[in-house]
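So the structure is just underneath, and the comments pick up after that.
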Amino acid sequence: MQDASSSGRAWFTLFAVSGQQVVQRGLSIHLNDRLLGGARLGSVSLLSPDADPVQLSVKSRDGGMDITIPELRIWGLLVVEVE
């Protein structure tokens, strides 16, 4: 992960771990606010080599944020923009 406080952006690599090539749908992740280094959340998107970029919905909860990923095939890059 890149330091969000210095660049305005952090990213996380996600892998669809499975013994088969199965599309993962409806994934939920919870990111703790401390991962953003005190910065405010701007937007979250998913970049993937086999799909167009997708803006993701984010909900604040329990000192962090819940992010729902509609679909992940092989891997994706979760890009968190901060202010």
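Any read-out appearing in this document is the output of simple, stated calculations on the displayed coordinates, not a laboratory observation. This is a predicted model, so every value here is computed, not measured. No Cβ is skipped: glycine too gets one built from the backbone with ideal geometry, and neighbour counts run over all protein chains shown.
Before moving on, here are some points about what is shown:
- If the chain linking Glu71 and Asp33 were pulled fully straight, counting 0.36 nm for each residue of separation and taking away their Cα-Cα distance, it would gain 11.3 nm.
- Ser57 paired with Glu83, simple spin-label distance in nm, labels 7 Å along Cα-to-beta-carbon: 2.1
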